[in-house]
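Right, one structure below, let's go through it.
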Amino acid sequence: KQWYQRRVAITAGESSSIPFSPHSRTPSTMLALTTLLVQLACASSVKYIINVKTADLTDSGTDSDIYIKIKGTNGQSVWASVLAEDGRNDFDSRTVDDFIRNAADVGEIACITMETGGSDAFLFDWVSVYSHTHSTNRYFYNTHNTWLSRDSDEGSRSVELCEQGQTKYYISMQTSTRSDAGSDNIYLKMRITGDQGQTITGFVDKIDYDEFEKGRYDTFAFRSLKDVGEVNCLELFAYGSDAWHFDFVTVQPDNGKAAIFMNTSGRYMSYDSDEGLSYMKMCN
């Protein structure tokens, strides 16, 4: 029998010489081949760390299977396995669930697609993804509040989201001291406009924290947003009906100066039109 010598790269800077015969069936040869295949499979995949924040609106959570497709800047895409962990109740309202999945390396992460496998409608706030080869955490916000469901009357089967940018914004707001100024469920989002474009936040809240209390000054951080340049306008969108009254909102990009927007109208915000405005625009 003629033997062939193959050199196969295992990791950068290493190689392994494995004697191989296409007719050999010896245990040692088969073990070597099996080990090689495992090493090659591991070398071609990376570990992805995925976090999904379920929204806090009524019935946001789901029991349906949820899938994610990750797309890189090199144009390659990969479907990760179903996002579920044994023995854990994932995707409850206002929770963040973490998943670790191995899949092909797509390079720098640019976009994701979230898809549902069932008809139990699901509303997520944001998804963050990074890999051990590209460790910058990318955030993808469900900016248009797209519900996922295979029942077309309840939502869409899938939604694709791309990173808006790489700027971090700090948003601070002063709830007024009126007796009924605070809110337990205002479910607020914001659109920030500057001289270089617009960017949209996720829901303005923190896990395990009571924001929007009367007289409180709260600060929230949003990553992976577009650099809009000098901020000149701010739009507020309320999706909750527990009315909220504020004095001012400050928007501070991590690479620019802060912009302050006063509630000069003195109006409350609420999705219930009898209590306040569901939309407010303020410009300087």
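The values are calculated or read from the model by the stated rules, or taken from the named source; none is laboratory data. Keep in mind that this is a model prediction, so the values were computed, not measured. Glycine gets a Cβ as well: all are built from the backbone with ideal geometry, and neighbour counts include every protein chain shown. These accessible areas exclude ligands, DNA and RNA; they are computed on the full protein's heavy atoms, side chains included. Shrake-Rupley method; radii C 1.70, N 1.55, O 1.52, S 1.80 Å.
Taken residue by residue, segment 255-267 has no member that is within 23 Å of LYS53 (Cβ to Cβ), of a type outside the set (Phe, Trp, Tyr) and either open to solvent by less than 50 Å² (accessible area, probe 1.4 Å) or in contact (Cβ under 8 Å) with a residue 60 or more places away in the chain (or both). Selection over segment 62-104 of residues that are modelled with pLDDT of 95 or more, among the basic types (Lys, Arg) and in contact with a Phe, Trp or Tyr (Cβ under 6 Å, 6 or more places away or on another chain) gives a count of 1. Out of GLU85, GLU115, I need the residue that is touching a residue at least 24 places away in the same chain (Cβ under 8 Å) and either surrounded by 14 or more Cβ atoms within 10 Å (Cβ to Cβ) or not in a strand (DSSP E or B) (or both). Which one? Result of the check over GLU85, GLU115: GLU115. Against the numbered list (1) touching a Gly at 6+ places or on another chain (Cβ under 6 Å); (2) surrounded by fewer than 18 Cβ atoms within 10 Å (Cβ to Cβ); (3) not in a loop (DSSP other than H, G, I, E, B), THR177 comes up short only at (3).
Is it the case that ILE200 is surrounded by fewer than 19 Cβ atoms within 10 Å (Cβ to Cβ), in contact with a Leu (Cβ under 9 Å, 6 or more places away or on another chain) and within 14 Å of PRO253 (Cα to Cα)? Against the criterion (surrounded by fewer than 19 Cβ atoms within 10 Å (Cβ to Cβ), in contact with a Leu (Cβ under 9 Å, 6 or more places away or on another chain) and within 14 Å of PRO253 (Cα to Cα)), ILE200 qualifies. Every test in (1) at pLDDT 95 or above; (2) in contact with a Leu (Cβ under 9 Å, 6 or more places away or on another chain) is passed by ASP205 save one, and that test is (1).
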